[in-house]
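**Q** Got a structure for you, questions after.
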Amino acid sequence: MSDVLTQLTRVLDARKQATAADSYVASLHAKGLNKILEKVGEESVETILAARDAEQSGNNEKLIYETADLWFHSLVMLSHLGENADAVLAELERRFDLSGLEEKAQRTTDEEN
């Protein structure tokens, strides 16, 4: 799976340098973070609605499609801020040794400090 993320990261980096007229990704970067965040929000809502519909219909096809859009736009957001999927994967890997409850408690403690 990480091969796909590696390839996508390379493509996003290359398209970030392209002209807005030649690349959708470049056009998002040119419009700035607020436009990228708008797209992430839009895709989040579409993913949530697709999940609700999938539960009713038993068909996950649209859910997978919308989740791919959400991940893609999230990766564009990370790229805009100088990060990539590797940072997220490293964070997920760090959490393997923590239960969800421990991780949440640790976050709560960190936020209080």
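The values are calculated or read from the model by the stated rules, or taken from the named source; none is laboratory data. All values reported here derive from a predicted model rather than from experimental measurement. Cβ: placed from backbone, ideal geometry, glycine included. Neighbour counts: every protein chain shown. Areas reflect the complete protein model, heavy atoms only, side chains present, ligands, DNA and RNA absent. Shrake-Rupley method; radii C 1.70, N 1.55, O 1.52, S 1.80 Å.
**Q** How large, in Å, is region 68-113 by the Kirkwood hydrodynamic radius built from its alpha-carbon pairs?
**A** About 12.2 Å for region 68-113.
**Q** OK, next. With θ set to phi - 60°, apply the Karplus curve 6.51 cos²θ - 1.76 cosθ + 1.60 along region 18-35 and write out the HN-Hα couplings as whole Hz, x wherever there is a Gly or Pro.
**A** Along region 18-35, the couplings run 6, 7, 4, 6, 9, 8, 4, 4, 4, 5, 5, 4, 5, 7, x, 4, 4, 5 Hz.
**Q** Tell me the label-point distance for the pair Leu33, Thr108, using the 7 Å Cα-to-Cβ offset, in nm and rounded to one decimal.
**A** 2.9
**Q** Sticking with this one: Along Cα→Cβ, 7 Å out, is where each label goes; now give me the distance between the ones at Ser57 and Glu93 in nm to one decimal.
**A** The modelled label-to-label distance comes out at 3.7 nm.
**Q** Could you give log10 I(q)/I(0) at q = 0.10, 0.19 Å⁻¹ for the chain, computed by the Debye formula over C-alpha point scatterers of equal weight, without solvent?
**A** Once normalised to I(0) and log-transformed, intensities are -0.40, -1.10.
**Q** Once the other residues with Cβ under 15 Å from the Cβ of Glu38 are scored (Lys, Arg +1; Asp, Glu -1), what is the net sum?
**A** -1
**Q** Shifting gears a bit: In a shell of Cβ-Cβ distance under 13 Å around Ser2, excluding Ser2 itself, what net charge do Lys and Arg (+1) and Asp and Glu (-1) give? Don't jump to the answer; show the numbers that get you there.
**A** Numbers: positive: Arg10; negative: Asp3, Asp86, Glu93.
Result for the local shell: -2.
**Q** Using amide H atoms built 1.01 Å from N in the peptide plane, name the residues 5+ places from Ala20, or on other chains, whose amide H lies under 5 Å from its own.
**A** Correct list: empty.
**Q** Calculated from DSSP H runs of 4 or more alone, at -39500 (n - 2.57) each and per residue, what is the 222 nm mean residue ellipticity of the chain, nearest 500?
**A** -26500 deg cm²/dmol
**Q** Continuing with this model, one more query. Which percent of the accessible area of region 46-113 is formed by carbon and sulfur heavy atoms (probe 1.4 angstrom)? Before the final figure, lay out the partial values.
**A** Numbers: 2830 of 5210 Å².
The nonpolar share, carbon plus sulfur, comes to 54 percent.
**Q** A further question follows. Give me a comma-separated list of calculated 3J(HN,Hα) values for region 45-60, in order, Karplus coefficients 6.51, -1.76, 1.60 applied at θ = phi - 60°, integers in Hz, x for any Gly or Pro.
**A** Values, residue by residue: 4, 5, 5, 4, 5, 5, 5, 4, 5, 5, 4, 6, 8, x, 10, 8 Hz.
**Q** Order Ile36, Ile48, most accessible first, counting only protein heavy atoms with a 1.4 angstrom probe.
**A** Ile48, Ile36
**Q** Given a 1.4 Å probe, how much area per residue of the chain is accessible, in Å²?
**A** Accessible area per residue: 72 Å².
**Q** Tell me, what HN-Hα J-couplings in whole Hz come from the Karplus equation 6.51 cos²θ - 1.76 cosθ + 1.60 at θ = phi - 60° for each residue of region 67-75, using x for Gly and Pro?
**A** Karplus-based 3J(HN,Hα) across region 67-75 equals 5, 4, 4, 5, 4, 4, 5, 5, 5 Hz.
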